[in-house]
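Just so it is clear, none of the values below were taken in a lab; they were calculated from the coordinates. Bear in mind the structure is a predicted one, so any value in this text is a computation, not a measurement. Please note: Cβ atoms are built from the backbone with ideal geometry, for glycine as well, and neighbour counts cover all protein chains shown.
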Amino acid sequence: KAGVTQTPRYLIKTRGQQVTLSCSPISGHRSVSWYQQTPGQGLQFLFEYFSETQRNKGNFPGRFSGRQFSNSRSEMNVSTLELGDSALYLCASSLDHGSEAFFGQGTRLTVV
Amino acid sequence: QQQVKQSPQSLIVQKGGISIINCAYENTAFDYFPWYQQFPGKGPALLIAIRPDVSEKKEGRFTISFNKSAKQFSLHIMDSQPGDSATYFCAARTNAGKSTFGDGTTLTVKP
């Protein structure tokens, strides 16, 4: 069974630009969560989607948004990028809301 | 607000020794406590998890001890091996599905 796939693996963007990251969950999983990982702040929860609906949201500004499609694939968008948005963005999929989470390898975003 | 405090930040253990990582939480709404292992360049992988109705759970060399009254839980790695060298994260999740992670512990097991 294929694991969680995140694309792209690496990305370099300029301050002020916007970016879209993609996550394909494990087949059959309906819940997708997004996290930001930085050396200084650790793993911070961004949001969770379940059956195309946002179920939970972390404490991030509105520049961070996401969506989930009918096939459970999810995208995360960050607009007006800031230098501080440089981080590893991780996606995790679960069979159902609240069940065991499996992480992808992440997308390393660098904002210059 | 740091809802899950993890210690130590780094840990060096000799091969064959016991590695112990501790976490403390504040929110009594947490009802699921997983531990994740992360190698460089990889995403975190679920190692072992416990629910608050159990005081201990063991899987192979990995054991979680849970103290509900003290709001603390810990990971014990018995017979630590160099291959266990990684960053370990504790986490706590509410029944609404919202997870909070500790800051991580970098474990180095010396051969």
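For the stretch B:38-111 versus the stretch B:1-35, the spacing of their alpha-carbon centroids is 6 Å. When trypsin sites (Lys or Arg not before Pro) are flagged only if DSSP places them in a loop and at most 15 other Cβ atoms lie within 10 Å, the longest unflagged stretch of chain B comes out as B:69-111.
I need the trypsin sites (Lys or Arg not before Pro) found in the stretch A:29-65, filtered to DSSP loop residues with at most 15 other beta carbons within 10 Å of theirs. Don't jump to the answer; show the numbers that get you there.
Numbers: sites: A:30, A:55, A:57, A:63; in loops: A:30, A:63.
Here the sparse-neighbourhood loop sites are A:63.
Once the chain from residue B:18 to residue B:69 is taken as fully extended at 0.36 nm per residue, the excess over their C-alpha distance is 15.9 nm.
Give the shape of the stretch B:28-68 as rounded, prolate or oblate, defined through the alpha-carbon gyration tensor: a ≥ b ≥ c are the square roots of its eigenvalues, a/c under 1.5 means rounded, and otherwise the shape is prolate if a/b is larger than b/c and oblate if not. Here the stretch B:28-68 falls in the oblate category. Pairwise Cα distances in the stretch B:65-111 exceed 12 Å in 72 percent of cases. Its Cα gyration tensor gives chain A an equivalent ellipsoid, and the semi-axes of that ellipsoid, as √(5λ) in whole Å with the largest first, are 22, 14, 13. With each label modelled as a point 7 angstrom along the Cα→C-beta vector, the residue A:51-residue B:110 pair spans 5.5 nm. Scalar couplings 3J(HN,Hα) for the stretch B:54-67, obtained by applying the Karplus form with A = 6.51, B = -1.76, C = 1.60 to θ = phi - 60°, are 10, 8, 7, 9, 10, 9, x, 7, 9, 10, 9, 10, 10, 10 Hz; x denotes Gly and Pro. Rounded if a/c is under 1.5, else prolate if a/b beats b/c, else oblate: with a ≥ b ≥ c from the C-alpha gyration tensor eigenvalues square-rooted, which is the stretch A:62-112? Prolate, since a/c reaches 1.5 and a/b exceeds b/c. Amide hydrogen proximity for residue B:47: with H placed 1.01 Å from N in the peptide plane, the residues at 5 or more positions away or on another chain lying under 5 Å are B:35, B:36, B:37. Summarising the strand pairing of the protein assembly as shown, around 90 percent of its internal DSSP beta bridges are antiparallel.
In debye to the nearest 20, how big a dipole does the protein assembly as shown give about its Cα centre with +1 on each Lys and Arg Cβ and -1 on each Asp and Glu Cβ? Spell out each step's value before the answer.
Values: 23 positive and 15 negative charges, 54 e Å.
With only Lys, Arg, Asp and Glu charged at Cβ, the dipole is about 260 debye.
For the protein assembly as shown, the Kirkwood estimate of hydrodynamic radius, built from reciprocal distances between every pair of different alpha carbons, is 18.0 Å. With contacts taken as Cα pairs under 8 Å and at least 6 residues apart, chain A reaches a relative contact order of 37 percent.
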